[in-house]
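Worksheet: the structure to be examined is printed underneath.
The values are calculated or read from the model by the stated rules, or taken from the named source; none is laboratory data. Worth saying up front: this structure is predicted, and the values here are computed from it rather than measured. Here the Cβ is made from the backbone with ideal geometry for all residues, glycine too, and neighbour counts use every protein chain on show. For the accessible areas, the whole protein counts, side chains as well, though only heavy atoms, and no ligand, DNA or RNA atoms are used. Shrake-Rupley method; radii C 1.70, N 1.55, O 1.52, S 1.80 Å.
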Amino acid sequence: MKKKQQKIQIILISIGLLLIFTTYFYYPYMNKIKLLKDRTAEKNLEKTHDDESTFFKKVEYKGFYDLTKPLTIRSEEAYMLNEKPNIIYMTNMHVILYLDDNRIVNITSDKGVYNKLTYDCYFQKNVLAKDGETQISAENLDLLATANFVKAYNEVNLNYSTGSLQADNIEYDFETKYFKVSMFDDKDIKMKVIK
């Protein structure tokens, strides 16, 4: 019976050590790698023409959002790395979505990334999305072609006909006009509702 208890204690101690290792060493290491990748992507956005990339001016792509809704992607300047020809890094990015109810959504940002294969768009810095009734401003916004919503995060402000709110993260569906609001930690959401 004692040997069985010792085995259980050894297993529990091993699990505890594994949890400590992942919490204090592995996760910070993964976050550091992610931060370095983000910084590399940001530097790539600022990169100019060289032997490893192809540079464009006044670019326009057409595709589909949510599989059925047409969209147009425009940029003042863009480039792609030769080893990743389907990823387009853009400056002064502008996307136009055409919704089923004839509304038009305009999304602009200082920088962005567009995937030509999946039609996914990732907006960075001074993002502004408007559909005539609702306006979202944020530092980042992800528009995934297969999703029926956009995800805005980092310093998000949403203004709509019955109020406004500020949050860290908002998922907004332009079709249904529903949104899901959350914060990165336990902070309160600042919201003003007008009747």
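Could you compute how much accessible surface Ile104 exposes when probed at 1.4 Å, giving the result in Å² to the nearest 10?
It works out to around 80 Å².
From zero outward in steps of 10 Å, how is the percent of C-alpha pairs of the range 73-117 spread across the bins?
27, 44, 23, 5
For the range 112-176, just the Cα set please: Rg and Dmax, both in angstrom.
For the range 112-176, the Cα-based Rg and Dmax read 11.6, 38 Å.
Which stretch or stretches of the range 55-90 have amide N atoms under 20 Å from the point lying 7 Å from Glu175's Cα along the Cα→Cβ direction?
Taking a point 7 Å out along Cα→Cβ of Glu175, the residues of the range 55-90 whose backbone N falls under 20 Å are 63-73.
Could you tell me the calculated FRET efficiency between Leu36 and Phe64, based on Cβ-Cβ distance and R0 = 41 angstrom, to the nearest 0.05?
Computed FRET efficiency for Leu36 and Phe64 comes out at 0.80.
Given a cut-off of 20 Å, name the pairs among Lys130/Lys151; Lys69/Lys151; Lys125/Lys177 whose C-alpha atoms lie farther apart than that in the structure shown.
Over 20 Å apart, Cα to Cα: Lys125/Lys177.
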